[in-house]
Amino acid sequence: MTSAPVAYRVADGVAWITLDRPDVLNALDTPLTAALADAAEAAAADPDVTLAVVRGAGRAFCSGMDRTALAGGSIGEAFHRAWVRALNRLEDMPKVSLCVLHGYSIGGGLQIGLACDLRLATDDAVLGLGASRHGIIPDGAVLRLARLIGLARAKELALLNENVSPAAALAMGLVSWVCPAAGVDDALASIVARVREQAPTANAHIKRLLHESFHRDPRSAVEDVMAAELECLASWETEEANRAWLDKREAVFRPRPR
């Protein structure tokens with residue numbers, strides 16, 4: 001019996017989503033993309049989850065599309081429908097999403113990172129796209145990459161398919177942090193702790209409104225922003241933050257009160 005291509009567990013408000021095909025460097029095939037989409041949807045729907053972390057088992061985060069599956073003709077519409085569902089859910093979920101890029105994090109591996117809110121790269125990560133070298137487009141990147149790093153840089157990465165060092169990726173805003181490979185768990189724990197210090201309801205609205213700012217006239221969104229602010233002011237998180245201020249302590253947003 002083969003194991004599931006994606007492992008999923010929830011602990012202390014964090015959904016841990018792990019690509020689990022280490023023997024092929026977590027290469028993407030249809031079962032993996034469908035399982036990734038299901039895991040992202042589960043995290044998005046779970047009221048106890050405030051952060052979703054996507055990692056890869058073994059020596060690499062993800063080496064991109066499974067070239068054997070592509071060459072064998074098993075990559076088709078079902079794969080791409082699941083792929084879109086997975087990336088859109090990571091991008092749109094009302095939770096913070098974080099991707100850990102280590103080892104080979106190329107092609108679809110980098111595209112997963114682009115769909116997440118935050119990206120932590122290890123100093124041994126290999127980052128790049130490479131799609132048109134194989135006759136396809138980096139479909140999860142063309143819709144997101146330029147917004148992160150600008151059009152000129154995005155064209156260089158997508159058209160020339162040159163890999164980018166973690167240091168260069170950090171300088172251009174492609175990743176949020178770079179850490180030593182041996183220290184990735186400590187770096188990740190620090191980021192998780194920082195996310196837990198933020199109010200979940202506020203973060204959900206902030207994420208949604210930032211995304212919508214690319215598509216709407218700012219003035220047309222004012223009433224939406226006002227409604228979101230009023231919802232935050234009426235939330236238990238703001239009540240807790242106000243109590244903490246008066247008590248001269250830090251607000252505690254985990255665990256969520258019942």
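Miscellaneous remarks
- Out of Ala42, Ala57, one residue alone is in contact with a strand residue (DSSP E or B) (Cβ under 7 Å, 6 or more places away or on another chain), more than 23 Å from Gly128 (Cβ to Cβ) and in contact (Cβ under 8 Å) with a residue 24 or more places away in the chain. It is Ala42.
- Looking only at segment 163-173, residues that are surrounded by fewer than 18 Cβ atoms within 10 Å (Cβ to Cβ) and over 17 Å from the mean Cα position of the chain (by Cα) come to 6 in all.
- Output for segment 217-255, where each listed residue is closer than 23 Å to Leu118 by Cα and out of contact with any helix residue (DSSP H, G or I) (no Cβ under 7 Å at 6 or more places or on another chain): Pro255
- Whichever residue in segment 199-225 is of a type in the set (A, V, I, L, M, F, W, C) and open to solvent by 100 Å² or more (accessible area, probe 1.4 Å) and, among such residues, is farthest from the chain's Cα centre (by Cα): Phe214
- For segment 44-66, the set of residues classified as surrounded by fewer than 16 Cβ atoms within 10 Å (Cβ to Cβ) and assigned to a helix (DSSP H, G or I) consists of Ala45 only.
- Count - residues of segment 67-83 that are of a type outside the set (Phe, Trp, Tyr) and either open to solvent by less than 20 Å² (accessible area, probe 1.4 Å) or at pLDDT 95 or above (or both): 2
- Checking each residue in segment 187-240 for being within 24 Å of Ala52 (Cα to Cα) and of a type in the set (Lys, Arg) picks out Arg194, Arg196, Lys207, Arg208.
- Qualifying residue in segment 31-43 (condition: among the aliphatic types (A, V, I, L, M), crowded, with 22+ Cβ neighbours inside 10 Å, over 13 Å from the mean Cα position of the chain (by Cα) and under 25 Å from Asn203 (Cβ atoms)): no
- Checking segment 134-156 against the condition returns no match, with no residue being more than 19 Å from the chain's Cα centre (by Cα), open to solvent by less than 40 Å² (accessible area, probe 1.4 Å) and aliphatic (A, V, I, L, M).
- Just one of the listed residues (Asp117, Asp124) is open to solvent by 10 Å² or more (accessible area, probe 1.4 Å), at pLDDT 95 or above and under 30 Å from Pro47 (Cβ atoms), namely Asp117.
- Helices (runs of 4 or more DSSP H) completely within segment 67-167 that count 2 or more residues being under 22 Å from Asp29 (Cα atoms): 67-71, 77-92, 108-115
- With respect to the conditions (1) buried (at least 19 other Cβ atoms within 10 Å of the Cβ); (2) at pLDDT 95 or above; (3) touching a helix residue (DSSP H, G or I) at 6+ places or on another chain (Cβ under 9 Å), Ser176 lacks only one, and its number is (1).
- Among the residues of segment 226-258, the ones that are at pLDDT 90 or above, outside any helix (DSSP H, G or I) and open to solvent by 60 Å² or more (accessible area, probe 1.4 Å) come to 5 in all.
The values are calculated or read from the model by the stated rules, or taken from the named source; none is laboratory data. The structure presented is a predicted model; accordingly, all values stated were derived computationally and were not measured. Cβ sites come from the backbone with ideal geometry, for glycine too, and all protein chains shown count toward neighbours. Ligands, DNA and RNA are stripped out before the accessible areas are found, and what is left, the full protein with its side chains, is counted by its heavy atoms. Shrake-Rupley method; radii C 1.70, N 1.55, O 1.52, S 1.80 Å.
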